[in-house]
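Enquirer: Starting off with a structure, shown below.
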Amino acid sequence: MINYDNLKIPEATALQRELRNKVIIQDKTVEIHTIGGADISLNMFSKTIYAGIVVLSFPELKPIAYSLVKSETYFPYVAGYLAFREVPALVQVWEQMHSKPDILVVDGHGIAHPRRLGIAAHFGALTGQPSMGCAKKILFGKYEEPGMERGAYSTIYDKGEEIGYVLRSKAKVKPVYVSPGHLMSLADSLQLMQQCLGNYRIPEPTRLAHELVNKFRLGELQEGYFDL
């Protein structure tokens, strides 16, 4: 079991750089029949974490299974290091799944991160799972605002390097921030999220994962793995 609770920030930084060397950004090699959405529910300074992954059919985006775990973390809340609070719980969720999705979309960032190791890239490097991030807020990089129409996008740059995209997921609402995590390309991550847009700002995989973990946190769902 992964335990980051006793890591200091310099140690966490060194581990990020080590894991970054394991991240592979390339055209995806898997054929996608299922897609997962992963999310975490916790208070900023709470030690209790509610983690969940929902599996959807693709391209239909119909829920077919989900996995939930309640865990604890003692790693501090520090911007740029949130994966150290959240990834251990996500790995627990992942390991109890009987059937895993072809691609996992994590509520957070992939390589659009100061050390190119947001939570989606961190998770992918640890598990070998094709993954990407779709975040509600920008963490790192510069971009121009995309058009206001649904599907409009612009590129996120760091000193000339492309590290992700800003995607207008719904007309005239705030965009989402998309980047590959592991074993997929920048273009793959953008195309996939464009195919996952529904009637809401948040694309379906992470939107449904968010609903799932909030119900779990409220006691409406039980811990474990369930086929639907």
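Bear in mind these aren't lab numbers, they're just calculated from the coordinates by the rules spelled out. The structure displayed is predicted, hence computed values, not measured ones. Glycine also receives a Cβ, built like all others from the backbone with ideal geometry; neighbour counts cover every protein chain displayed.
Enquirer: Lysines within cross-link reach of residue 100: Cα-Cα under 25 Å, excluding same-chain residues under 8 positions apart?
Expert: 22, 28, 62, 70, 136, 215
Enquirer: Give me, ordered by chain and number, the residues 5 or more places off residue 56 or on other chains with an amide H under 5 Å from its own placed amide H.
Expert: Amide H neighbours of residue 56, under 5 Å, 5+ apart: 35, 36, 37, 64.
Enquirer: How would 182, 122 line up from fewest to most surrounding beta-carbon atoms within 10 angstrom?
Expert: Final ranking by Cβ density, sparse to dense: 182, 122.
Enquirer: Assuming 0.36 nm per residue, please report the length gained on full extension of the stretch residue 29 to residue 97 beyond their Cα-Cα distance.
Expert: 22.3 nm
Enquirer: Counting only chymotrypsin sites (Phe, Trp or Tyr not before Pro) that sit in a DSSP loop (anything but H, G, I, E, B) with at most 15 other Cβ atoms within 10 Å, what is the longest stretch of the chain containing none of them?
Expert: 78-199
Enquirer: Per DSSP H run of at least 4 residues, take -39500 (n - 2.57); add these up for the chain, divide by its residues and hand me the 222 nm value, nearest 500 deg cm²/dmol.
Expert: Per the formula, -8000 deg cm²/dmol.
Enquirer: Let me ask you something else. Choose one of 42, 173, 119: the residue whose Cα lies farthest towards the positive end of the charge dipole of the chain (beta-carbon charges +1 Lys, Arg; -1 Asp, Glu; about the Cα centre).
Expert: The Cα lying farthest towards the positive end belongs to 173.
Enquirer: I'd like the Karplus ³J(HN,Hα) series for the stretch 60-65: coefficients 6.51, -1.76, 1.60, θ = phi - 60°, whole numbers in Hz, and an x wherever there's a Gly or Pro.
Expert: 5, 6, 9, x, 10, 6
Enquirer: For residue 28, which sequence-distant residues (separation of 5 or more, or a different chain) have an amide H within less than 5 Å of its own amide H, given hydrogens modelled in the peptide plane?
Expert: 185
Enquirer: Further, regarding this structure: For residue 169, list long-range residues whose amide hydrogen, built 1.01 Å from N in the peptide plane, is under 5 Å from its own amide hydrogen.
Expert: So residue 169 has HN proximity to 151, 176.
Enquirer: Just subtract the alpha-carbon distance of residue 74 and residue 195 from 0.36 nm times their residue separation and send over the number in nm, one decimal.
Expert: Separation in residues times 0.36 nm, less the Cα-Cα distance, equals 39.9 nm.
Enquirer: What FRET efficiency would be calculated for the residue pair residue 14, residue 185, taking the C-beta separation as r and a Förster radius of 41 Å, to the nearest 0.05?
Expert: The computed FRET efficiency comes out at 0.90.
Enquirer: Choose one answer from 136, 172, 100: the residue with the largest mean-square fluctuation in a GNM of the chain with alpha-carbon springs under 10 Å.
Expert: Highest fluctuation among the options: 172.
Enquirer: Which FRET efficiency, nearest 0.05, do residue 148 and residue 214 yield, Cβ-Cβ r, R0 35 Å?
Expert: 0.75
Enquirer: How big is the Kirkwood radius of the stretch 145-228, worked out from every pair of different alpha carbons and given in Å to one decimal?
Expert: 14.4 Å
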